[in-house]
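The values are calculated or read from the model by the stated rules, or taken from the named source; none is laboratory data. The structure displayed is predicted, hence computed values, not measured ones. Because the Cβ atoms are built from the backbone with ideal geometry, glycine has one as well, and the counts that use them run over all protein chains shown.
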Amino acid sequence: MVKKTVEGSFAVAEAVKNCEPDVAACYPITPSTHVAEELASFYANGEIKEYIATESELSSMSACIGASAAGSRTVTVTSSQGMALMHEAVFNAAGNRLPIVMIVGNRSLSAPLNIWNDWQDSITERDSGWIQIYCENGQEATDAVPQAYKIAEAVSLPVMVCFDGFYITHAVEPIDVPTLEEVRKFLPLFKPAVKLDPKNPISMGEYAFPSHYQLFREDLHKDMLAAVGKVKEIHDDYAKMFGRSCGNGLLEEYRSQDADIVLVSIGSVCGNAKEAIDQLREKGEKVGLVKLRLVRPFPYAAVAKALAGKKVIGVFEKAYSLGAVPPVYGEVLAAVADAKAKPVISSFTGGLGGKDVTVGNMLELFGKLKQGKKLVEWV
Amino acid sequence: MIEIRLHGRGGQGAVTAAELLAVSAAEGGKMTQAFPFFGVERTGAPVQAFCRIDDKPIRVHQNVYEPDVVVVLDASLLPVVDVCAGLKKGGVVIVNTKKKKEELGLKADKVFTVDASSAAEKYLGRRDRVNTVMLGAFAKVTGLVPMDALKKAISHRFKGDVAEKNIKAIEECYNSTC
């Protein structure tokens with residue numbers, strides 16, 4: 001491993017390169033541009049076999065679908081409007097069971113136009129059949145890449161590696177990037193069970209009548225649910241080989257085991273929450289954090305276990321479902337619905353479009369939770 | 001943890017300066033983090049970049065609101081941006097200007113000035129290429145980044161002649177900051 005002080009985007013791009021993708025197809029968009037840019041320069045240096053500079057994100061995903069169907073290991077990179085533009089192909093990739101990896105530099109959706117961070121771009125695609133892994137820092141994002149390929153190819157489902165735009169994509173931090181040789185030991189060659197091959201012609205992406213369409217969707221749903229186990233297993237293998245883990249691979253419990261009040265959140269803001277928790281713990285307050293790593297498939301059992309016996313739970317998310325409960329909050333409610341003791345569960349939506357969520361803001365949230373009343377609010 | 005805020009204008013390289021600071025401090029054995037805040041993405045618009053230096057791993061990801069050190073790459077920002085906002089007690093401000101510190105009217109305990117633009121013109125041929133040059137002043141004033149680590153970071157980032165010229169400009173600023 002090579003420890004470098006490097007921008008998150010560049011470390012992630014290097015991790016992608018070391019997974020030896022056959023085809024990268026990208027259209028640059030802020031704040032994930034540097035990942036695409038770096039992949040393009042790897043291609044220019046002969047370190048990636050093929051890089052397609054597409055004319056749109058819909059083309060990027062379509063190119064990945066074609067290449068993946070033909071048996072290639074593929075990657076694309078996007079954010080925000082770019083992901084929105086590829087929407088129909090995102091569903092297609094999952095429906096065709098293609099193990100594409102997509103790097104997502106999380107950013108808000110228009111309108112109004114905004115280039116900064118929240119999770120609405122990938123959260124909006126939560127029902128598409130893609131596995132979604134969210135990362136707290138550049139190291140976690142870098143480590144998630146080889147795991148993403150191994151998971152995708154093991155369960156024949158596409159995987160998104162999501163990391164916060166600017167906060168992580170542009171943060172220069174010390175990061176260990178697994179080398180090509182190390183990744184080769186961890187990640188086997190991609191050998192799809194079926195692929196498009198002129199010598200042995202088959203059809204993929206076929207028409208399904210009402211008699212069969214739902215069966216395909218049901219299969220996809222069951223396999224998504226079952227993929228939780230594979231995500232954990234592959235995380236544990238990686239942790240054993242590289243000495244770095246992210247909780248249990250599904251979520252990370254930070255000082256939450258003996259806590260009365262627990263915050264649930266995702267991504268880079270969890271570092272700020274940990275800082276706030278340490279400050280409150282010094283004052284004797286029993287507070288903790290459950291950081292979600294896997295958001296699709298949603299690890300209901302692991303979340304229920306981590307939150308068992310908690311009196312007060314708060315969910316902070318940089319995402320919304322307008323006119324309904326926020327998406328992560330809804331999942332947490334479902335996860336603890338069968339608990340014997342009913343906890344008070346509050347929802348906080350915030351940090352949208354780059355609205356900075358500081359350690360001070362986290363202290364305020366814990367202050368609100370301490371009052372023990374159910375709150376559903378935008379902060 | 002030491003928190004640093006750099007103020008510049010789009011195109012002057014404040015973001016690169018923050019990154020080089022982080023890389024240099026890491027060379028010197030510290031844990032570091034640097035990241036930018038882009039406003040409107042256009043040349044000449046006010047830009048901020050942040051850097052954190054600590055002995056333990058840095059897990060906070062938020063803008064810097066209470067800096068220990070402020071670096072101002074362009075003195076024309078002083079009338080339009082409150083560069084001292086949130087500055088910690090005893091905090092340091094380093095300004096690229098020919099003026100004397102008393103003339104700047106900054107509300108800070110410690111103000112240092114350096115004519116980085118002239119050094120940039122002399123060695124790099126452009127008055128606005130002050131980002132690397134100002135790091136010499138930073139190294140002198142704060143002692144947070146050893147000069148040899150800074151030179152190493154510059155040599156890693158730039159090649160041959162360009163690296164040498166930058167190092168000369170940095171050395172001149174290191175010696176002329178007051």
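At a glance:
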| item | result |
| --- | --- |
| Hits in the stretch B:123-138 (condition: surrounded by 23 or more Cβ atoms within 10 Å (Cβ to Cβ) and farther than 13 Å from B:Gly13 by Cα) | B:Gly136, B:Ala137, B:Phe138 |
| Only listed residue being assigned to a loop (DSSP other than H, G, I, E, B), more than 14 Å from every other protein chain (Cβ to nearest Cβ) and charged (D, E, K, R), chosen from B:Lys98, B:Lys140, B:Lys151, B:Lys122 | B:Lys98 |
| Residue count, the stretch B:24-70 (criterion: closer than 16 Å to B:Thr142 by Cβ, buried (at least 18 other Cβ atoms within 10 Å of the Cβ) and not small (Gly, Ala, Ser)) | 12 |
| Odd one out for B:Val83 among (1) away from chain A (no Cβ under 14 Å); (2) buried (at least 17 other Cβ atoms within 10 Å of the Cβ); (3) outside any loop (DSSP other than H, G, I, E, B) | (3) |
| For B:Asn166: the one exception among (1) crowded, with 17+ Cβ neighbours inside 10 Å; (2) in contact with a Cys (Cβ under 9 Å, 6 or more places away or on another chain) | (2) |
| Number of positions in the stretch A:37-53 that are farther than 14 Å from A:Thr74 by Cα, touching a helix residue (DSSP H, G or I) at 6+ places or on another chain (Cβ under 8 Å) and not acidic (Asp, Glu) | 1 |
| Residues within the stretch B:1-31 that are of a type in the set (Asp, Glu) and over 20 Å from A:Ile168 (Cα atoms), tallied | 1 |
| Those residues of the stretch A:1-34 which are within 24 Å of A:Ile65 (Cα to Cα) and assigned to a helix (DSSP H, G or I), in sequence order | A:Ser9, A:Val12, A:Ala13, A:Glu14, A:Ala15, A:Val16, A:Lys17, A:Asn18, A:Thr33, A:His34 |
| All positions within the stretch A:44-80 that are within 18 Å of A:Gln120 (Cα to Cα) and either at pLDDT below 95 or assigned to a strand (DSSP E or B) (or both) | A:Val77, A:Thr78 |
| Residue in the stretch A:286-300 that is at pLDDT 95 or above, touching a helix residue (DSSP H, G or I) at 6+ places or on another chain (Cβ under 6 Å) and within 14 Å of another protein chain (Cβ to nearest Cβ) present | yes |
| Any hit, the stretch B:54-63, residues being away from chain A (no Cβ under 12 Å), under 18 Å from B:Met134 (Cβ atoms) and outside any strand (DSSP E or B) | no |
| Residue list for the stretch A:242-284, filter: over 18 Å from the mean Cα position of the chain (by Cα), among the hydrophobic types (A, V, I, L, M, F, W, C) and away from chain B (no Cβ under 14 Å) | A:Phe242, A:Ala259, A:Ile261, A:Val262, A:Leu263, A:Leu280 |
| Any hit, the stretch B:9-24, residues being in contact (Cβ under 8 Å) with a residue 12 or more places away in the chain, in a loop (DSSP other than H, G, I, E, B) and at the interface with chain A (Cβ under 9 Å from one of its Cβ atoms) | no |
| All positions within the stretch A:218-274 that are on the phi > 0 side of the Ramachandran plot and of a type outside the set (Lys, Arg) | A:Gly243, A:Gly247, A:Gly249, A:Gly267 |
| Cβ-Cβ under 6 Å pairs, at least 6 apart or on other chains, the stretch A:21-34 side farther than 15 Å from A:Ser79 by Cβ, far side at pLDDT 95 or above and part of a loop (DSSP other than H, G, I, E, B) | A:Pro21/A:Arg73; A:Asp22/A:Lys49; A:Asp22/A:Ser72; A:Asp22/A:Arg73; A:Val23/A:Ser72; A:Ala24/A:Ile48; A:Ala25/A:Thr54 |
| So A:Ala239, is it free of Cβ contacts under 8 Å to residues at least 40 places away in the same chain, under 21 Å from the mean Cα position of the chain (by Cα) and surrounded by 15 or more Cβ atoms within 10 Å (Cβ to Cβ) | yes |
| A:Lys150 vs. criteria farther than 18 Å from A:Lys4 by Cα, of a type in the set (D, E, K, R), under 17 Å from the mean Cα position of the chain (by Cα) and not assigned by TED's automatic domain parsing to the domain that holds A:Gly353 | yes |
| Residue under evaluation B:Gly90, criteria (1) small (Gly, Ala, Ser); (2) within 27 Å of B:Gly29 (Cβ to Cβ); (3) assigned to a helix (DSSP H, G or I), criterion not met | (3) |
| The stretch B:31-50, residues that are free of Cβ contacts under 8 Å to residues at least 40 places away in the same chain and within 11 Å of another protein chain (Cβ to nearest Cβ) | B:Met31, B:Thr32, B:Gln33, B:Ala34, B:Phe35, B:Pro36, B:Phe37, B:Phe38, B:Gly39, B:Val40, B:Glu41 |
| Qualifying residue in the stretch A:153-163 (condition: within 14 Å of another protein chain (Cβ to nearest Cβ) and touching a strand residue (DSSP E or B) at 6+ places or on another chain (Cβ under 6 Å)) | yes |
| Residue count, the stretch A:25-78 (criterion: in contact with an Asp or Glu (Cβ under 8 Å, 6 or more places away or on another chain), within 14 Å of chain B (Cβ to nearest Cβ) and hydroxyl-bearing (Ser, Thr, Tyr)) | 1 |
| Options A:Val172, A:Val101: the member that is away from chain B (no Cβ under 14 Å) and either of a type outside the set (Gly, Ala, Ser) or closer than 18 Å to A:Gly271 by Cβ (or both) | A:Val101 |
